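**Student:** Could you have a look at this structure, given as structure tokens, before my questions?
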Amino acid sequence: MLSDILKWGGKRLEPATSGAVKGVSKAAIEEPVVGSKAFPKFLTALTSQPSPVLIDLGPVIGTNVEFFGDRLGCKLFIEDIVGDLDRHTKAGTLDTLPGLLETRFRHADASVDGILCWDVFDFLDKNSAQALAKQVIRMLRPGGAVMGLFCTAAKTDHLPYTKYEIVDDSNLRHRVHPGVGGVKRTLQNRDIIRMFEGLAVSDSFLLKSNIREMLLRRR
């Protein structure tokens with residue numbers, strides 16, 4: 001499956017919605033805005049590159065595309081792994097997901113400066129998570145950065161996916177994704193470090209929500 005390739009200056013992919021604030025729906029205003037400690041550091045890592053290449057593993061969010069265009073002037077690739085997971089969940093074919101992830105990305109080795117994983121790893125089984133982590137490591141350039149959000153407390157309930165909308169350099173709006181969602185898998189520090197073998201943990205922040213924000217770097 002080919003990814004959507006987004007470059008600054010291209011057509012906006014999400015229509016603006018009406019609401020109390022221009023361009024922002026009432027639902028979006030009511031969804032929580034959460035401070036992030038890892039995201040500013042992720043941006044700092046990318047600003048050291050004159051024209052960084054960025055991969056976003058979440059769905060297309062028009063305001064995020066605009067943010068990265070304004071802030072970084074980067075080349076942005078949307079690789080909607082949440083969409084893949086949603087389709088396979090609906091089709092009952094999750095057992096084929098590891099094989100898809102092994103061949104999904106057409107990016108060359110060491111060709112990407114930054115990868116936003118958001119919380120996608122929480123929803124993947126062990127084999128799928130390992131397959132995706134292997135590709136993340138393969139694509140990342142020396143000096144590149146990976147940002148991920150990982151659940152640290154057991155979640156047995158069926159939960160919706162989250163769309164992370166960038167508000168500014170330090171804040172993210174947590175929006176509900178319309179997909180079927182799933183059960184979150186708890187990943188401890190040692191599990192994450194082992195999964196991303198070859199990358200070093202640059203920063204790690206445990207939030208009050210029992211989410212760990214991590215920034216990993218390739219030396």
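Values quoted throughout were computed directly from the atomic coordinates according to the rules given, and no laboratory measurement underlies them. These figures come from a predicted structure and were not determined experimentally. Reconstructed Cβ throughout: ideal geometry from the backbone, glycine too, with neighbour counts over all protein chains shown.
**Student:** How much FRET efficiency would the formula 1/(1 + (r/R0)^6) give for N127 and K208, where r is the Cβ-Cβ distance and R0 is 30 Å, rounded to 0.05?
**Tutor:** On the way: r = 32 Å, r/R0 = 1.05.
FRET efficiency, N127 to K208: 0.45.
**Student:** Related question: For a protection proxy built on the mean count of beta-carbon atoms within 10 angstrom, sort 178-184, 202-208, 82-88 highest first, please.
**Tutor:** Details: 178-184: 16.0, 202-208: 13.9, 82-88: 18.6.
Per-residue mean Cβ counts within 10 Å order the peptides as 82-88, 178-184, 202-208.
**Student:** Would you calculate, for the chain, the mean residue ellipticity at 222 nm contributed by helices, counting each DSSP H stretch of 4 or more residues as -39,500 (n - 2.57) and dividing by all residues, to the nearest 500?
**Tutor:** Details: 7 runs with 65 residues, N = 219.
It comes out at -8500 deg cm²/dmol, rounded to the nearest 500.
**Student:** Here's another thing I want to ask about it. Quick one: compute the contact order of the stretch 4-217, relative version, from alpha carbon pairs under 8 angstrom and 6+ residues apart, as a percent.
**Tutor:** Once normalised by length, the contact order is 24 percent.
**Student:** Could I ask something else about it? Sort T63, T44 so that the residue with the fewest other Cβ atoms within 10 Å of its own Cβ comes first and the one with the most comes last. Numbers along the way, then the final one.
**Tutor:** Values: T63 17, T44 12.
Ascending number of Cβ neighbours within 10 Å: T44, T63.
**Student:** Could you state the number of Å between the C-alpha centres of the stretch 81-97 and the stretch 128-186?
**Tutor:** Taking the Cα centre of the stretch 81-97 as reference, the centre of the stretch 128-186 is 16 Å away.
**Student:** Taking square-rooted eigenvalues a ≥ b ≥ c of the alpha carbon gyration tensor, is the chain rounded, prolate or oblate, where a/c under 1.5 means rounded and, failing that, a/b exceeding b/c means prolate? Before the final figure, lay out each step's value.
**Tutor:** Values: a/c = 1.28, a/b = 1.09, b/c = 1.17.
Because its axes are fairly even, with a/c under 1.5, the chain counts as rounded.
**Student:** Counting only DSSP beta bridges with both residues in the stretch 75-219, what percent are antiparallel, rounded to the nearest 5? Write out the running numbers ahead of the final one.
**Tutor:** On the way: 21 of 26 bridges.
Around 80 percent of the beta bridges assigned by DSSP in the stretch 75-219 are antiparallel ones.
**Student:** Output ³J(HN,Hα) for the stretch 170-181: one whole-Hz value per residue in order, computed from phi by the Karplus curve 6.51 cos²θ - 1.76 cosθ + 1.60 with θ = phi - 60°, and x for Gly and Pro.
**Tutor:** 10, 9, 10, 8, 8, 10, 6, 7, x, x, 6, x
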